[in-house]
1. Give the residue, chosen from Thr166, Thr171, Thr211, that is of a type in the set (S, T, N, Q) and in a strand (DSSP E or B).
2. If you scan the range 73-97, which residues turn out to be touching a residue at least 40 places away in the same chain (Cβ under 8 Å), in contact with a strand residue (DSSP E or B) (Cβ under 9 Å, 6 or more places away or on another chain) and either part of a helix (DSSP H, G or I) or of a type outside the set (S, T, N, Q) (or both)?
3. In the range 1-58, which residue that is of a type in the set (A, V, I, L, M) and in contact with a Phe, Trp or Tyr (Cβ under 7 Å, 6 or more places away or on another chain) is modelled with the highest pLDDT?
4. When you check Leu118 against the structure, is it in contact with a Phe, Trp or Tyr (Cβ under 9 Å, 6 or more places away or on another chain) and surrounded by 15 or more Cβ atoms within 10 Å (Cβ to Cβ), yes or no?
5. Here are some residues: Gly155, Gly169. Which one is more than 23 Å from Asp3 (Cβ to Cβ) and buried (at least 19 other Cβ atoms within 10 Å of the Cβ)?
6. Looking only at residues in the range 125-152 that are among the hydrophobic types (A, V, I, L, M, F, W, C) and farther than 20 Å from Lys6 by Cβ, which one is nearest to the chain's Cα centre (by Cα)?
7. State whether one or more residues within the range 90-99 are surrounded by 18 or more Cβ atoms within 10 Å (Cβ to Cβ) and in contact with a Cys (Cβ under 9 Å, 6 or more places away or on another chain).
8. Working only within the range 2-53, note down all residues that are in contact with a Gly (Cβ under 7 Å, 6 or more places away or on another chain), within 26 Å of Asn97 (Cβ to Cβ) and in a helix (DSSP H, G or I).
Amino acid sequence: MRDEWKLRALACHYSLAAPVYDSACAVLFYERARARAVELLHLEDGQTVLDVACGTGRNIPLLLERVGPRGHVIGVDYTRAMLARAREKARRRSWQNVGFLRLDAARLSLDALRDANLLSEGEQVDAVICTLALSCIPAWGDAYRAMLEIVRPGGRVAIMDTDYPTKAGATGERVAIRPLQMLICKLAGVAGGRQPWLRLPHDVDDAVIETFVGGYVGVAAGTA
C-alpha cells in the first residue's frame, strides 16, 4: 500500500513535469547516454522491443530506426500526462508500429501486454529498455525483475539512469558536481543511492557498463 501511494505521488509529480520534460532531458545532457543504451540493445530489423516507463516517448524514434517498419515498439508508463504526450507524438509522426499501455512497471508481464492486444500470441519480446525510471519507481526491484522475466532468452536488456551513491566518491563519480546532481535528483523524484545500472551485470551475460556526465549517469546492457 505504501508503494502504491508513492507511485501515485510520483505520477502527480511527472504530470506537472510532462510539458517541459523533453526540454529538460536535452538540457541535462542525457541524450548521448540514451542513444548509447539503445545502441547496446543490438536491435535488428523486425524485432519487438519494450520501452519500460517510456515517458513522453523520447526513446521511440531511436528504437524505430533500428527495428524498421516490420518491427514493433511497445511503450509502457504509469503517468497519464506523459503517456498522452507519447501518443500525440505517435499520431503526429504517423508511427504505425508503436503501441502504448498505462501500467505500473512493477506489474509488467507478457499476459498484460497480450491482454492489451500489444503482443500477439506466440510473439516474444526481443529487447527491453528502461531509461531514467528505475531510480524513481517505488517498487523498482519488482519492475527490474519483470524486465528480466519478460524478455526472451537471448534477448537484450538495457538500462540508462541517473543517481548518486550514498557515500560521496564511492563509485568514482566527480564529487565536485555532487551538490548539483543531488538537486537534480530531488527535482526528478530520484531515490538516491540505487544506481540501477550497477545491478544489471549480476543478472545478464556479456554485460557492458559505461558512465556519463561525471559518473552520475550510467548505462548498462547485456544478454538475458
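The values are calculated or read from the model by the stated rules, or taken from the named source; none is laboratory data. All figures in this text were calculated on a predicted structure; none of them were measured in a lab. Positions of Cβ are generated from backbone atoms using ideal geometry, with glycine treated the same way; all protein chains shown enter the neighbour counts.
1. Thr211 is the lone residue from the list that is of a type in the set (S, T, N, Q) and in a strand (DSSP E or B).
2. Once the filter is applied, which keeps residues that are touching a residue at least 40 places away in the same chain (Cβ under 8 Å), in contact with a strand residue (DSSP E or B) (Cβ under 9 Å, 6 or more places away or on another chain) and either part of a helix (DSSP H, G or I) or of a type outside the set (S, T, N, Q) (or both), the range 73-97 yields Ile74, Tyr78, Arg80.
3. Residue satisfying both the conditions and the ranking: Ala33.
4. yes
5. Gly155
6. Ile129
7. No: zero hits.
8. Tyr21
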